[in-house]
Amino acid sequence: MKILITAGPTREYIDPVRFISNPATGTLGFMIAKKAKKKGHDVIVIAGPCEIPPLKGIKVFSVESALEMQDRVERYFPLVDVLIMTAAVSDWRPARMYKQKIKIKRNWKLNLIANPDILKTVSRRKNRNQIIVGFALESENILENARKKLKKKRLDLIVANSISNFGNTSKKTDIFFLFSDGTTKKVFCTKARLASLLLGEIEKLVSRKQH
Ligand code: CTP
């Protein structure tokens, strides 16, 4: 299988030294990439800024902003069987990026505009054999919100978990797999185990599509 994985946060620059971002570490995306490679799959990673050492045999494209990530995803999606979107993409970016360091010393308002929803745009172009997996990190109503995202973004599978699972943690947490056929599976596991379970589910989805 050819698998495209996005990982980490995006950075949306306000000026050359300041940006909007989030604490995503890329841990899960890189764990999935490593395990997928070990299982013999072809893996491409598109990563926002994260401090993870390079992975042997895996092509990693580094990006910063959501627009750069979208550009890479759109370029590589037609070449793969599976897209796994673990990246914590910033929903907004500053309406303008100041070329010089901002010197304003009083209160001021930062104008934000919406970033494109990468999953939503890419899923419009998906062919019948491709699988798209998204993630939902929720602070409340996990299942309800995740189900909405699954539909809105036209995904085959969404992995839903609570915000306590953010970052590089080895804790076990409740995680839900919500499939487009309406079925749900609940697991209680670490990120490392989640990476293995998820790959197993994806392999089943792909083989079902191909037969
Ligand atoms: N995602 C994306 N493009 C964005 C925002 C999110 O492709 N601009 C993807 C994420 O990679 C993830 C999924 O959409 O796989 C859900 O991300 P999440 O941040 O939970 O949801 P949002 O759609 O941003 O909704 P909200 O922030 O309102 O919960």
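Scan the stretch 189-211 for residues that are outside any helix (DSSP H, G or I) and either open to solvent by less than 50 Å² (accessible area, probe 1.4 Å) or modelled with pLDDT of 95 or more (or both) and the total you get is 2. Within the stretch 24-65, the set of residues being more than 22 Å from Met97 (Cβ to Cβ) and surrounded by fewer than 16 Cβ atoms within 10 Å (Cβ to Cβ) comprises Lys38, Lys39, Gly40, Glu51, Pro53, Pro54, Leu55, Lys56, Gly57, Lys59.
Of all residues in the stretch 58-84, count the ones that are in contact with a strand residue (DSSP E or B) (Cβ under 8 Å, 6 or more places away or on another chain), more than 24 Å from Pro23 (Cβ to Cβ) and away from the ligand (no atom under 16 Å from the Cβ). So the answer is 3.
I'd like to verify a number: residues in the stretch 27-57 that are part of a loop (DSSP other than H, G, I, E, B) and within 12 Å of the ligand (Cβ to nearest atom), how many? Let's see the steps before the verdict.
We begin by selecting, within the stretch 27-57, every residue part of a loop (DSSP other than H, G, I, E, B); these are 39-41, 48-57.
In the following step, the residues that additionally are within 12 Å of the ligand (Cβ to nearest atom) were identified as 48.
Selection size over the stretch 27-57: 1.
Looking across the stretch 112-149, just one residue is outside any loop (DSSP other than H, G, I, E, B), more than 10 Å from the ligand (Cβ to nearest atom), charged (D, E, K, R) and surrounded by 14 or more Cβ atoms within 10 Å (Cβ to Cβ), and that is Arg147.
Test Phe179 against the stated conditions and say whether it is of a type in the set (Phe, Trp, Tyr) and surrounded by 19 or more Cβ atoms within 10 Å (Cβ to Cβ). So Phe179 fails the test.
Within the stretch 85-111, restricting attention to residues that are open to solvent by 70 Å² or more (accessible area, probe 1.4 Å) and without any contact (Cβ under 8 Å) to a residue 24 or more places away in the chain, the residue that is farthest from the ligand (Cβ to nearest atom) is Lys105.
The values are calculated or read from the model by the stated rules, or taken from the named source; none is laboratory data. Quick caveat: nothing in here was measured; it's all calculated off a predicted structure. Using ideal geometry, Cβ is built from the backbone for each residue, glycine included, and neighbour counts are taken over all protein chains shown. Areas reflect the complete protein model, heavy atoms only, side chains present, ligands, DNA and RNA absent. Shrake-Rupley method; radii C 1.70, N 1.55, O 1.52, S 1.80 Å.
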